[in-house]
Amino acid sequence: MERSLTHIALFAALIAVLGLVPRVDLATGVPITAQSLGIMLCGTVLGAKRGALAVLLFLLLVALGLPLLSGGRGGLGVFVGPSAGFLVGFPVAAFVAGWVMQRTTLPPFWAAACGAVIGGIGVLYIFGISGMALVLDKSLSEAALLGLAFLPGDLIKAVLAGLLTLAIARARPGALLSRRDAPAA
Amino acid sequence: MIRPVASSSDAIVLTGAGVTLTGRRVLQDMSLTLSERRIGIIGRNGSGKSTLLRLMAGLIAPDRGQVRVAGLDPAQARKEMLAELGILFQNPDHQILFPTVDEELAFGLIQMGQSRSAAQARVAQHLALHGRSHWQGISVATLSQGQRHWLCLQAVLLMEPRTILLDEPFAGLDLPTQHRLARTFAGLPQRLITITHDPATLRGVDRVLWLEAGQIAADGPPEAVLPRFEAEMIRLGGLDADADLAR
Amino acid sequence: MLTLTSPVETALHRLRAGPKLAVLAGFTFALFWISAPLWLGFALVAVGGLYLRGGVQFFRHGVAMLRPLWPFVAVVGLWHLWTEDLAAGGVIVLRMLAAVAAANLVTMTTRLSDMIAVLERLARPLAPVLPPRRLALAIALVIRFIPVLTERMAHLAQAWRARSGRRPGWRLIAPAALAALDDAEQVANALRARGGAG
C-alpha cells in the first residue's frame, strides 16, 4: 500500500519537475518539453495502473492551482483551453504505454518505444485532436492537420522514452515495476 | 502522560531470523534478546546492519525465524508498534513526508489516534517548549540540513515510543550539531539502538553488537568489542578489499 | 510552494471556494451553448470587468495568463481570413478567451488550502475506493517532493557539467527517474514507520 502511494506521488512530482526544466532543443531545432517524456515514463516504468494514477494526481494538482505544466501554466483555465484534450488524454496515454510494456515480451527499449508511440501518439492524439476540434470549432480532419505539426517531435520523444526506459532498466535491475511479475500491493 | 521508559518487558527478541534480498542472504540465523537501555550495532558497509534495523522495526519481515517486539510481530502489529518503536532514518529527506513543519510533526500523533486539533495543539506546545514557535506553518524546504534532522527527531519523540532506532544519527552533521544531538540522546529515557560504522559514536553504551556479513561477529560491552573492531578495520584498510565484487 | 493564487487581495478572494467553482461551471457550460458574437463579447467584457475590480496590476496578470493562447488565436484568425468567415472566427476566439479567463480568475482568487478542502468534499462519495486521508497524503507528498527532486536535478546537472563539456539535456531524466524510484522506497519505509497510509 505505502509503496504504491509513494511511487505514484513521487512520479507525479517527477512530471512536475520535468516541466520546470527549460525545454531541451534537439540538434534539429525541434523543441522538446521533458514533461511529456515524464508522462510516458510513468507508464513504462510504473506500469499501466500506477502510471495513470500518477498522471491523474499530477493533473489534480494543476487543477488546484499549481503552475506545474511546462512554461509555468496551471489552474483551471488550461482545462477549458484548446489543449485540454491533450491533458485529458495524458493519463490514458500513460495507461496504454504501461499496458504495452506489461503485456509484451519485447526487450525494454522496443516495448517502451512502442508503448510511447501507441499511447503517447496514437491515443493521446485522439484525445488532443478531439479537444481542439471542440474548442476551436473545427472538423476532426481540420484539427488533425494542426496536430500533425507536433508529430516529428513526438516520434523523437517516443525513441527517447525507449532509451530512457532502457537506461533505467540497465542501471537498476528490478527498477521497472511494469516488468515485475507480482507487483506488491 | 507516562514517560516512556525502557524495561525488559518490551525487549526485542529475534529467534533464528534470516533475511534474503534479491537472492542474497543478507542476514543469517539471528538469535538475540535486546533489553539494555543503550545498544550499539556496528559493522562495515554492506554488513547487513541497515537490514537488521528494518527487520527489528517491522519494515521487512524475516524469511525464516521470527522477530518479536514486546511480544508482538512488528511487521504485522503496525498500529501497536507506533507506541513501541520509533525510527530516525539517516537522510532527513527520506523521512520528512509533508511540506510544512506542523503537518510533519502532527502526522504521527494523528496516526496514533489523536484528533487533528489535539495533535495540532500538542505540536504548537512542543514547538513553544523548544523556542521554535515561529517554525509553525513554514515550509520544510527552507530548513537547513541540521534543522531538518532536528525536525525528524522531534517527529519521532512526539510519538513517545519506548525504543528508538537510530540509523547513522551523526552522519553528515557538523560538530556543534553532533554534540548537541549527543546531549539530547543522553537525556532521553527511551531505549536507543544506534546503527553505525563509527566506533566513536558508541563509547559509553551498555552493549555492542558487531555485524559482519550478516552474522554477529562479536557481542559484549564496548570496551571488549570496539578495540577488536577497530583493529580489524585498520587491518582491512591495508588490503585492497574494494576490488572484490560483492555479488 | 508557489501557487497561481494572486497575492493581490481582491473581493473575490473573500468568497467561498465552493460557490465560486459552481458559478464557474455554469458560466463555462453556458459559453459553449451561446453562439451570438454580441453575447460572447459581453461575457468576455464582464470577466474583464471582474479582473479590473482587482486593480490594474491584477488585470495585467490576468492578461499575461492568457498568453499561451495566442498561437491558437493566430491559427483561428488566419484560417477564417482564408475561408472569409470572420464572424465564425470571432465567436471561437471570444468563447475561448472568456472560458479560460474565467477559469483563471477562480484559480487566481482561491487559496490552495481552500481548493483542497473543496476537493476533499467532492471526493467524499469515493471514500470506499479512495479514503480522503490517503488523497490528502498523496497531495502533500507531491508538494513536499517537488523541491526535493528539483534540487536533485540541479545536483545531477552540476555533476554532469563537472565531467562534461556538453549540456546534459534529456539524459538527466534517467537518473532523475531513478532518484524518484529510490526516494519512493525510502519514503514508503518512513511512512510505514509512522503508521502507514491508512
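The values are calculated or read from the model by the stated rules, or taken from the named source; none is laboratory data. All figures in this text were calculated on a predicted structure; none of them were measured in a lab. Note: ideal-geometry Cβ built from the backbone for every residue, glycine included; neighbour counts use all protein chains shown. We work out accessible area using only protein heavy atoms, side chains counted, and drop any ligands, DNA or RNA first. Shrake-Rupley method; radii C 1.70, N 1.55, O 1.52, S 1.80 Å.
Values as computed for the structure displayed
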| quantity | calculated |
| --- | --- |
| Listed residues B:Ile234, B:Ile195, B:Ile87, most fluctuating in chain B (Gaussian network, C-alpha, under 10 Å) | B:Ile234 |
| Quotient of Cα Rg and 2.2 N^0.38 Å for the protein assembly as shown, N being how many residues it contains | 1.09 |
| Carbon/sulfur fraction of accessible area - the protein assembly as shown, other protein chains in place, 1.4 Å, % | 62 percent |
| Over chain B, relative contact order from alpha-carbon pairs under 8 Å, at least 6 apart, % | 27 percent |
| Bins of 5 Å, starting at 0 and running to the largest distance - Cα pair percent for the range C:11-110 | 2, 13, 22, 22, 21, 11, 6, 3, 1, 0 |
| Whole-number D in µm² s⁻¹ for chain C, Kirkwood Cα-pair radius fed into Stokes-Einstein, 37 °C, 0.692 mPa s | 158 µm²/s |
| Long-range HN-HN contacts of B:Met30 with modeled amide H, under 5 Å | B:Gly16, B:Ala17, B:Gly18 |
| Value at 222 nm in deg cm²/dmol, rounded to 500, when DSSP H runs of n ≥ 4 in chain A each add -39,500 (n - 2.57) | -21000 deg cm²/dmol |
| Using alpha-carbon coordinates, inclination of helix C:37-53 to the longest axis of chain C, degrees | 60 degrees |
| Of the chymotrypsin sites (Phe, Trp or Tyr not before Pro) in the range C:1-64, those whose Cβ has at most 16 other Cβ within 10 Å and which sit in DSSP loop | C:Phe32, C:Trp33 |
| Ordering of B:55-68, A:52-65 by packing [mean C-beta count within 10 Å, highest first] | A:52-65, B:55-68 |
| For the range B:156-247, alpha-carbon Rg over 2.2 N^0.38 Å | 1.26 |
| Peptide ranges A:119-127, C:61-69 listed from the most packed, as the mean C-beta count within 10 angstrom indicates | A:119-127, C:61-69 |
| MRE, 222 nm, helices only [DSSP H, n ≥ 4, -39500 (n - 2.57), over chain C, to nearest 500] | -24000 deg cm²/dmol |
| Overall dimensions of the range C:124-193 as given by Cα atoms, namely Rg and Dmax in Å | 16.5, 55 |
| Fluctuation leader among B:Arg37, B:Arg183, B:Arg78 - chain B, Gaussian network, Cα springs under 10 angstrom | B:Arg183 |
| Binned Cα-Cα distance frequencies in chain B - 10 Å width, integer % | 7, 29, 35, 21, 7, 1 |
| Residue mean of other protein chain beta carbons inside 10 Å, C:95-105 | 5 |
| Three-way shape call for the range B:1-106 based on the alpha-carbon gyration tensor, with the a/c threshold at 1.5 | oblate |
| Solvent exposure of the protein assembly as shown as accessible area per residue, Å², 1.4 Å probe | 45 Å² |
| 3J(HN,Hα) from dihedral phi, the range B:80-91, Karplus parametrisation 6.51/-1.76/1.60, rounded to Hz, x for glycine, proline | 5, 5, 4, 7, 8, 10, x, 10, 9, 6, 5, 9 |
| Distance histogram for the range B:130-204 (every C-alpha pair counted, 5 angstrom bins, percent rounded to whole numbers) | 3, 12, 25, 26, 18, 11, 3, 1 |
| Highest-MSF residue in chain C out of C:Arg14, C:Arg133, C:Arg171 [GNM, Cα springs under 10 Å] | C:Arg171 |
| Three-way shape label, the range C:69-159, alpha-carbon gyration tensor, a/c 1.5 | oblate |
| Two-site FRET efficiency, C:Glu9 against A:Met1, from Cβ-Cβ distance with R₀ of 51 Å, rounded to 0.05 | 0.80 |
| D (Stokes-Einstein, µm²/s), Kirkwood Cα radius, the range B:37-173, 1.002 mPa s at 20 °C | 133 µm²/s |
| Exposure rank, largest accessible area first [C:Leu78, A:Leu41, C:Leu15, C:Leu97; 1.4 Å] | C:Leu78, C:Leu15, C:Leu97, A:Leu41 |
| Simple label model, 7 Å out from Cα along Cβ direction - B:Gln145 to C:Arg60, nm | 4.2 nm |
| Relative contact order [Cα under 8 Å, 6+ residues apart], the range B:102-240, whole percent | 16 percent |
| Folded to 0 to 90 degrees: helix A:124-135 orientation relative to chain A principal axis, Cα | 20 degrees |
| Chain A: proportion of alpha-carbon pairs further apart than 24 angstrom, % | 34 percent |
| 10 Å Cβ neighbours from other chains, averaged over peptide C:111-123 | 2 |
| Highest to lowest packing among A:94-100, B:118-124, scored as the average C-beta count within 10 Å | A:94-100, B:118-124 |
| Whole-Hz couplings from phi, Karplus 6.51/-1.76/1.60, listed for the range A:52-64; x for Gly and Pro | 5, 5, 4, 5, 4, 4, 4, 5, 4, 5, 4, 5, 6 |
| Shielding by partners - mean other protein chain Cβ count within 10 Å, residues of C:25-32 | 1 |
